[in-house]
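Q: Right, I'll just put the structure down here and ask away after.
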Amino acid sequence: MFVARSIAADHKDLIHDVSYDFHGRRMATCSSDQSIKVWDKGDNGEWNCTASWKTHSGSVWRVTWAHPEFGQVLASCSFDRTAIVWEEIVGESNDKQRGQSHWIKRTTLVDSRTSVTDVKFAPKHMGLMLTTCSADGVVRIYEAPDVMNLSQWSLQHEISSKLSCSCISWNPSSSRAHAPMIAVGSDDSNVTYGGKVQIYEYNDVTRKYAKAETLMTVTDAVHDIEFAPNLGRSFHVLAIATKDVRIFKLVPLRKDSSSSAPTKFEVQVLAQFDSHNSQVWRVSWNITSTLLASSGDDGCVRLWKANYMDNWKCTGVLKGDGSPVSGQPGSLSGSLGSASAQSALNGATGR
């Protein structure tokens, strides 16, 4: 059974993003009030705000954690056209800072000419790298050459996607068989232009990122996108939040190892759900990629799980206040049939 706790976040405006650290014991929130708050989970399970500070001069759209191998590091992005890297420092002086932590700004990335809409750290096996995307349609990849000096970041790549970018996701696979890969979603309002999701792949020969695939069936604005954790699979799984929830399977097709052309993929739609009956704003995988959570304008979080036949269905629905939804039919589209969300919730197995 799922237990919900409410947190008095105390932000003065809309909260745009919530991000957990690698261990799930810390959480960061960001808001249109231009602030970030950091929360720590106590032994009693309660979340306590341990830091709150003004970050940008505009709405803060996203906040994300680096892998703890690189320390306690956050990145945020904003309508003010910047992305900022923050690091937590534990006071060592003899004054009242001793033993207390505080967050300091390490660098401000100012290359974008428009709102920076998403920011993500690369998988840790790639080193300390950071990607941003902007409303001007440019994806930028930065690298910290010295992980002990987070004030120095160099711009390594600029990828022009031709469409206003809203969200990005790194493929987390550390397999040598898979080149570094980024999925980019667009919230461009022009529905006649198909392909609101583009996949870019790094090429060792050209040392650049090239477009490998465009998901032409995605024609509506994309609000969030996330590759599933890859635990040794030969293919990739990608979840997309648009006017519904979609799960795609990307199967790499065999290619000549000496070729400098990007990998081609066989694209399959694993599932498509319109149960939110509204815009879907976030999708998030659990660490084993067996459970997908989605949230939408219907004020609900919905949990999706695949059975052994790889058929996805709803296993739980929670209202915004944490209470389960009772008696609501879960209109699962595609070949999955329909089921009652409440009966699915009763059979939910959590993670």
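The values are calculated or read from the model by the stated rules, or taken from the named source; none is laboratory data. Here the structure is a predicted model, which means the values were calculated and not measured. Here the Cβ is made from the backbone with ideal geometry for all residues, glycine too, and neighbour counts use every protein chain on show.
Q: Give the residue, chosen from V3, V38, V63, V73, that is surrounded by 15 or more Cβ atoms within 10 Å (Cβ to Cβ), β-branched (V, I, T) and under 22 Å from D297 (Cα atoms).
A: V63
Q: What are the residues in segment 223-275 that are of a type in the set (D, E) and surrounded by fewer than 21 Cβ atoms within 10 Å (Cβ to Cβ), if any?
A: Answer for segment 223-275, where residues must be of a type in the set (D, E) and surrounded by fewer than 21 Cβ atoms within 10 Å (Cβ to Cβ): D244, D256, E266, D274.
Q: Residue by residue through segment 134-148, note down the ones that are in a loop (DSSP other than H, G, I, E, B) and hydrophobic (A, V, I, L, M, F, W, C).
A: The answer is A135, A144, V147, M148.
Q: Being at pLDDT 95 or above and within 30 Å of S275 (Cα to Cα) narrows it down to one of V191, V218, V197, so name that one.
A: After applying the criteria, what remains is V197.
Q: Consider I141 against the criteria (1) in contact (Cβ under 8 Å) with a residue 12 or more places away in the chain; (2) of a type outside the set (D, E, K, R); (3) under 17 Å from G71 (Cβ atoms): it satisfies all of them except one. Which criterion is unmet?
A: (3)
Q: Which one is farthest from S260 (Cα to Cα) among residues in segment 149-173 that are more than 15 Å from the chain's Cα centre (by Cα) and part of a strand (DSSP E or B)?
A: Selected residue: S154.
Q: Also, I was wondering about something else. Would you confirm, using the coordinates I've provided, whether A28 is within 30 Å of C165 (Cβ to Cβ) and either part of a strand (DSSP E or B) or of a type outside the set (A, V, I, L, M) (or both)?
A: Working: within 30 Å of C165 (Cβ to Cβ): yes; either part of a strand (DSSP E or B) or of a type outside the set (A, V, I, L, M) (or both): yes.
Against the criterion (within 30 Å of C165 (Cβ to Cβ) and either part of a strand (DSSP E or B) or of a type outside the set (A, V, I, L, M) (or both)), A28 qualifies.
Q: If you don't mind, there's one more thing I want to ask. Go through segment 1-36 residue by residue and tally those that are in contact with a Ser or Thr (Cβ under 8 Å, 6 or more places away or on another chain) and farther than 27 Å from V317 by Cα.
A: Total satisfying the criteria: 5.
Q: Being touching a strand residue (DSSP E or B) at 6+ places or on another chain (Cβ under 7 Å) and modelled with pLDDT under 95 is true for just one of T64, T55, T50. Which residue is that? Break it down into steps so the answer makes sense when it comes.
A: Details: T64 fails: modelled with pLDDT under 95; T55 fails: modelled with pLDDT under 95.
The match here is T50.
Q: Please work out which one of (1) closer than 24 Å to I84 by Cα; (2) out of contact with any Ser or Thr (no Cβ under 8 Å at 6 or more places or on another chain) is the condition M216 fails and give its number.
A: (1)
Q: So which residues in segment 278-315 are touching a strand residue (DSSP E or B) at 6+ places or on another chain (Cβ under 7 Å) and of a type in the set (F, W, Y), if there are any at all?
A: W281, W285, W304, W312, listed by residue number.
Q: Out of T132, T108, which single residue is crowded, with 20+ Cβ neighbours inside 10 Å and in contact with a strand residue (DSSP E or B) (Cβ under 9 Å, 6 or more places away or on another chain)?
A: Unique residue meeting the criteria: T132.
Q: Among the strands (runs of 3 or more DSSP E) confined wholly to segment 72-133, which include 2 or more residues that are modelled with pLDDT under 95 and farther than 21 Å from N171 by Cα?
A: 83-90, 101-109
Q: So, one more: Select, from T206, T214, T263, the only residue that is polar (S, T, N, Q) and in contact with an Asp or Glu (Cβ under 7 Å, 6 or more places away or on another chain).
A: T263
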